[in-house]
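**Q** The structure that follows is given in the form of structure tokens.
The values are calculated or read from the model by the stated rules, or taken from the named source; none is laboratory data. In this text the structure is predicted, and so the values were computed from the model without any measurement. Counting neighbours? That spans all protein chains shown, and the Cβs are built from the backbone with ideal geometry, glycine included. In case anyone asks, the SASA skips ligands and DNA or RNA and just uses the protein heavy atoms, side chains included. Shrake-Rupley method; radii C 1.70, N 1.55, O 1.52, S 1.80 Å.
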Amino acid sequence: MGFHEQLRRSWDVSGSLLCVGLDPDPARMPEPLDGDPDAIYRFCREIVDATADLVCAFKPQFAHFASQRAEPALERLCQYIRETYPDVTLVLDAKRGDIG
């Protein structure tokens, strides 16, 4: 299935055009995750689980993950989204230079 077909399917299934960006910033995470080596993955997974029924897409921002050396967490998160929420489109935001 092509991207446009997948996105249209996501719109139809969710009834929504909402796309949730996943831009993890450890400085802004809840205190219970402080010091957790898996904090970035857990934080983003909780957002995904809390919003999956409301959105047509998730858009993780590669640069945010890379800035924390959390590429493995990004890979796990993408796999989790694909397996758990196959009707939600996954868009990897891989642009660079747009964050400080």
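**Q** For the stretch 1-53, I need the span (max minus min coordinate) of the C-alpha atoms along each principal axis, in Å, sorted largest to smallest.
**A** Cα extents, longest axis first: 41, 19, 14 Å.
**Q** Relative to the longest principal axis of the C-alpha atoms of the chain, give the angle of the C-alpha long axis of helix 39-51, reported between 0 and 90° and rounded to the nearest 10°.
**A** Between the helix axis and the principal axis of the chain, the angle is about 30 degrees.
**Q** Where the only charges are on Cβ atoms (+1 Lys, Arg; -1 Asp, Glu), what is the dipole of the stretch 1-81 about its Cα centre, to the nearest 20 debye?
**A** Charge dipole, the stretch 1-81, about its Cα centre: 260 debye, nearest 20.
**Q** A further question follows. Can you put Ile47, Ile40, Ile81 in order of accessible area, largest first, using a 1.4 Å probe?
**A** In descending accessible area the options line up as Ile47, Ile40, Ile81.
**Q** For the chain, give the percent of accessible area contributed by carbon and sulfur heavy atoms, probe 1.4 Å, rounded to a whole number.
**A** 51 percent
**Q** I would also like to ask the following. So for the chain, considering every pair of alpha-carbon atoms, how many percent are separated by more than 15 Å?
**A** Counting pairs separated by more than 15 Å, the tail of P(r) holds 61 percent.
**Q** So how do Thr84, Thr51 rank on accessible area, 1.4 Å probe, biggest first, that is with the largest at the start?
**A** Result, largest first: Thr84, Thr51.
**Q** Non-local amide H neighbours of Thr89 (under 5 Å, H modeled in plane, Pro and chain starts lacking H): which ones?
**A** Placed amide hydrogens put Ala57, Phe58 under 5 Å from Thr89.
**Q** Can you give me the angle between helix 71-84 and the longest principal axis of the chain, using Cα atoms only, in degrees from 0 to 90, rounded to the nearest 10?
**A** Value to nearest ten degrees: 30.
**Q** Sticking with this structure for a sec: Enter the accessible area per residue of the chain (Å², integer; probe 1.4 Å; all protein chains in place).
**A** On a per-residue basis, the chain sits at 62 Å².
**Q** Here is a further query. May I have the convex hull volume per residue, in Å³, for the Cα set of the stretch 43-93?
**A** Per residue, the Cα convex hull of the stretch 43-93 comes to 62 Å³.
**Q** What number, rounded to the nearest 500 deg cm²/dmol, is the helix-based mean residue ellipticity at 222 nm of the chain, given -39500 (n - 2.57) per DSSP H run of at least four residues and division by all its residues?
**A** Calculated from helices alone, the mean residue ellipticity at 222 nm is -13500 deg cm²/dmol.
**Q** Going by alpha carbons, how many degrees (0 to 90, nearest 10) lie between the helix axis of 3-14 and the longest principal axis of the chain?
**A** 90 degrees
**Q** Another question, then. Any idea which of Trp11, Phe62, Ile47 is furthest toward the positive side of the dipole for the stretch 1-93, if Lys and Arg beta-carbons carry +1 and Asp and Glu beta-carbons -1?
**A** The Cα lying farthest towards the positive end belongs to Trp11.
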